[in-house]
Amino acid sequence: MKHFASYLVIVFTLCLSVNAVHAQNHWLWPIKGMDVGRGVICAPQQYIGEELNFGDLIVAAPEGTDVLCPAGGVILDFGVGYRKSLQESVSFHAGSDNFDSMLGELEDAGELEDAGELNSLPVSNRYVSGDIFIRLDDGRMIFISGLTGDIPMKTGMRVEEGEIIGKVGYAYYKIDRPHIILSVTGSTGRPDDPMEPFGIPTTFLDPEEMATPEFLTEEQAVEDISVLMNAYRELFPSMDEIVTPVQFETFRSEALGAVRGGISYSDLYDIVYSSITSRLMHDSHIRIRTPNPRVDVAAQKYVPNIIHGILGDTVFVRHASERYREHVGKRIVSIDGMRPEEICSRSRDMVSGYDGDNQSVVNRLLLVKYWYLYGGVDMPRTVEVVLEDGTVIEDEWVRQEESGAYYPQMTKSTAQYKRMAESSSGKYSFGMLDDNTVLFRLGSFDLTDVDLESIADSLARYQDVPNMIIDVRYNAGGEVAAVRKVASYLLGEPSVNTGSYRMVNDTVFSSLRYSVNYSERAVFSGYERVDGCSGFYSYDDCGIITPDTCVNYKGRLYILTDETSNSAATLFPSILSRNHRAVTVGRETGSGYHYMTGYDFARIMLPNSRIMIQIPIVKCVLDDAVTERYPAGRGLLPDYEVPLTYEEVYTGTVDPVLSKALSIIASGQ
């Protein structure tokens with residue numbers, strides 16, 4: 001095994017007494033028995049060698065010293081891994097409930113010897129240590145690495161100020177003294193000051209807002225487009241499923257042609273956005289992380305008085321201002337001379353965020369995203385709208401703050417409002433609908449160990465209820481481990497082996513030089529070549545699911561799905577459907593059935609415009625078999641379909657999908 005020589009530039013140690021800072025000290029110093037500020041060997045904006053420490057507080061202490069929780073909060077995650085740099089770390093999967101056992105697991109499995117570059121770790125084993133995320137009561141998060149210890153933990157478990165959370169070990173291979181590294185993230189997700197909360201003089205600097213250029217030269221724009229297209233080709237593992245080589249090269253050629261002579265930032269953003277639409281890389285996990293200047297950050301937004309919607313090939317008045325409310329629901333014959341077929345076609349070209357040939361996501365977005373037709377809301381317009389009854393309206397768009405009320409108005413009595421409120425109120429809930437049916441709303445798979453134990457306890461209480469409806473609508477996904485655990489509470493037999501796997505491309509990832517979260521020499525541990533296949537493959541966490549021996553619901557299952565059931569919320573009903581354990585009701589799920597790309601992502605920042613785009617780098621395959629029940633390119637299709645309607649989204653007081661499930665149960669199906 002390689003051992004890198006350790007080195008450390010000597011930096012100052014902050015020596016302040018507890019009494020001197022007591023008045024402004026809000027958090028407890030994490031090293032037991034040490035005064036506040038003692039042991040700091042590197043603070044934010046200082047260097048370790050030539051490497052800038054942007055926001056970490058690095059504290060040295062004798063090996064084995066107890067590490068205390070600085071403030072009360074909840075454990076979001078904990079595990080073991082090592083740091084390749086101050087910005088990049090590698091984590092290992094382990095099933096134990098404490099750091100020492102996790103490390104023992106990895107050693108017993110030989111994983112420490114096999115992981116990383118050239119089949120060995122680039123650091124000494126002593127730098128593989130525990131780390132913990134704690135969400136504080138005020139919304140901030142503390143991350144501490146360099147921990148050892150045998151204290152049992154659970155995600156979701158509350159820890160109080162002063163509780164022991166581990167012992168001092170080694171966090172970073174460039175530091176040869178025992179130490180921990182502590183960093184803080186604010187409630188908005190931005191790096192925060194790790195020093196001020198302890199009452200010690202701070203060296204932390206707030207991250208500067210990213211400045212965007214107003215105009216890019218042709219050379220700058222060509223470079224950005226080339227970086228973007230190369231990143232797609234190198235990183236995205238599912239390109240063959242959604243775009244042909246001819247389509248790819250056609251888009252590239254048109255994009256490069258559009259920047260001749262230079263281009264404004266907004267117009268370049270439009271090109272980048274169009275690359276994640278139906279025109280090219282329309283995957284549900286590809287996202288632009290920079291706000292859209294025409295929609296999200298327009299200094300002045302404008303809205304039409306007539307807001308159109310699309311259902312199928314019908315264009316109609318979806319909403320209208322007070323002056324035009326009598327026209328709500330009427331069919332639209334044309335908008336600025338465009339007939340419905342052209343309106344539908346142009347709008348479809350703008351749809352993003354869907355996998356393969358998914359129809360449910362496209363249908364919903366065409367209903368709700370009127371601005372697809374116009375490209376933005378950042379400028380005033382006057383639009384001619386012709387209705388089916390011959391009415392011609394010269395619709396002069398108005399400033400958003402002057403627009404007033406639109407009709408119909410969504411009220412608390414509408415089913416859509418209720419579902420959204422229930423989804424935002426918690427991750428999960430149980431409630432009896434009648435004597436024979438329990439409703440299990442599952443709004444997220446970001447479930448902690450405590451959450452999963454609570455779900456198991458609830459399922460045990462409802463064990464004798466003959467029917468269970470599980471609602472995974474408005475569920476954006478979460479952790480695969482949580483999916484597998486909840487499925488184990490419901491499967492009656494071990495799951496069918498579908499040959500599931502994960503795959504990354506076999507290439508030189510030169511595009512990662514533009515990544516803000518991966519180094520250019522990134523290696524994906526645990527992936528291996530498979531004879532006759534391109535790419536590298538991993539079967540970790542993809543095996544058969546065994547029914548839980550303590551809690552196992554055996555009643556009839558009905559799962560409610562639609563286009564808002566994404567990522568893990570597609571995987572979950574797919575597992576139960578594939579194993580003939582549940583009936584699905586509603587609409588096609590938002591993510592694909594056969595594969596999805598929700599496991600790991602590279603965030604690429606284009607060098608000149610500074611536009612950041614999230615590109616998936618791992619393809620997760622659930623099932624390779626294409627059948628009539630599970631057609632290629634689609635999400636999980638329901639056993640009983642409930643078509644999307646205007647009333648369901650905007651005006652209805654009854655949930656048609658839930659009503660359909662109840663009618664199926666009543667009929668004994």
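The values are calculated or read from the model by the stated rules, or taken from the named source; none is laboratory data. Nothing here was measured: the structure is a model prediction, and the numbers come from that model. Every residue, glycine among them, receives a Cβ derived from its backbone with ideal geometry; neighbour counts consider all protein chains shown. The area values use the complete protein model at the heavy-atom level, side chains included, leaving out ligands, DNA and RNA. Shrake-Rupley method; radii C 1.70, N 1.55, O 1.52, S 1.80 Å.
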State, as an integer percentage, the relative contact order of the chain based on alpha-carbon contacts under 8 Å between residues 6 or more apart. 12 percent
Sorted by chain and number, the residues with a modelled amide H under 5 Å from that of Ile470, at a separation of 5 or more or across chains, are Phe440, Tyr558, Ile559, Leu560
Could you work out Rg/(2.2 N^0.38 Å) for the chain, with Rg from alpha carbons only? 1.05
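Calculated from DSSP H runs of 4 or more alone, at -39500 (n - 2.57) each and per residue, what is the 222 nm mean residue ellipticity of the chain, nearest 500?
On the way: 14 runs with 138 residues, N = 669.
For the chain, the value works out to -6000 deg cm²/dmol.
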How far apart, in nm, are two points set 7 Å out from the Cα along the Cα-to-Cβ line at Tyr462 and at Arg233? 5.1 nm
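Please give the length that would be gained between Gln45 and Val333 if that part of the chain were fully extended, namely 0.36 nm times their separation in residues minus their C-alpha to C-alpha distance (nm, one decimal). Could you put the intermediate results ahead of the total?
Details: separation 288, 0.36 × 288 = 103.68 nm, distance 6.15 nm.
Contour length minus Cα-Cα distance gives 97.5 nm.
Of the cross-linked pairs Lys301/Lys619; Lys485/Lys554; Lys84/Lys619, which ones have a Cα-Cα span greater than 27 Å in the structure shown? Let's see the in-between values first.
Numbers: Lys301/Lys619 38 Å; Lys485/Lys554 16 Å; Lys84/Lys619 24 Å.
From Lys301/Lys619; Lys485/Lys554; Lys84/Lys619, over 27 Å: Lys301/Lys619.
Could you tell me the calculated FRET efficiency between Gln669 and Val392, based on Cβ-Cβ distance and R0 = 60 angstrom, to the nearest 0.05?
Details: r = 50 Å, r/R0 = 0.83.
So the FRET efficiency works out to roughly 0.75.
Taking only C-alpha pairs under 8 Å that are 6+ residues apart, what is the relative contact order of region 545-669 in percent?
Numbers: 180 pairs, mean separation 31.6, N = 125.
Value for region 545-669: 25 percent.
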Just to be sure I understand the model, the point goes 7 Å from the Cα along the line to the Cβ. What's the resulting Thr250 to Asn552 distance in nm? 5.3 nm
Which FRET efficiency, nearest 0.05, do Gln409 and Lys369 yield, Cβ-Cβ r, R0 30 Å? 0.95
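When a/c reaches 1.5 or more, the comparison of a/b and b/c decides; with that in mind, is region 620-669 rounded, prolate or oblate per its Cα gyration tensor? The partial results should precede the final answer.
Working: a/c = 3.39, a/b = 1.68, b/c = 2.02.
In terms of gyration-tensor shape, oblate.
Once you have the alpha carbon radius of gyration of region 426-567, what is it after dividing by 2.2 N^0.38 Å, with N set to its residue count? Mind dumping the intermediate values first?
Numbers: Rg = 19.1 Å, N = 142, 2.2 N^0.38 = 14.5 Å.
It is 1.32.
Over 28 Å between Cα atoms: which of Lys32/Lys174; Lys167/Lys427; Lys369/Lys418; Lys330/Lys412 fall into that group?
Pairs exceeding the cut-off: Lys167/Lys427.
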Gained length - Asp108 relative to Arg177, 0.36 nm times residue gap less alpha-carbon distance: 22.2 nm
Taking R0 as 51 Å, what FRET efficiency do you get between Asn436 and Thr217 from their Cβ-Cβ distance, rounded to the nearest 0.05? 0.15
Average silhouette area of region 437-483, convex hull of alpha-carbon atoms, in square nanometres: 3.3 nm²
Cβ charges +1 (Lys, Arg) and -1 (Asp, Glu), total dipole of the chain, debye: 640 debye
Quick check on region 116-221: take the gyration tensor over C-alpha atoms, sort the square-rooted eigenvalues as a ≥ b ≥ c, and tell me if it's rounded (a/c under 1.5), prolate or oblate. oblate
Given the candidates Gly64, Pro547, Ser124, the one whose Cα lies deepest towards the positive end of the charge dipole of the chain, counting +1 at each Lys or Arg C-beta and -1 at each Asp or Glu C-beta, is Pro547
At a 1.4 Å probe, what is the % contribution of carbon and sulfur to the accessible area of the chain? 49 percent
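Beta carbons within 10 angstrom, averaged per residue: use that to sort the peptides 621-628, 287-294, highest first.
287-294, 621-628
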Take Glu63, project a point 7 Å from its Cα along the Cβ direction, then tell me which residues of region 125-154 have their backbone nitrogen under 18 Å from it. 125-131, 145-150
Would you pull out the residues with amide H under 5 Å of Ser89's amide H, same chain only if 5 or more places away, H placed 1.01 Å from N? Lys84
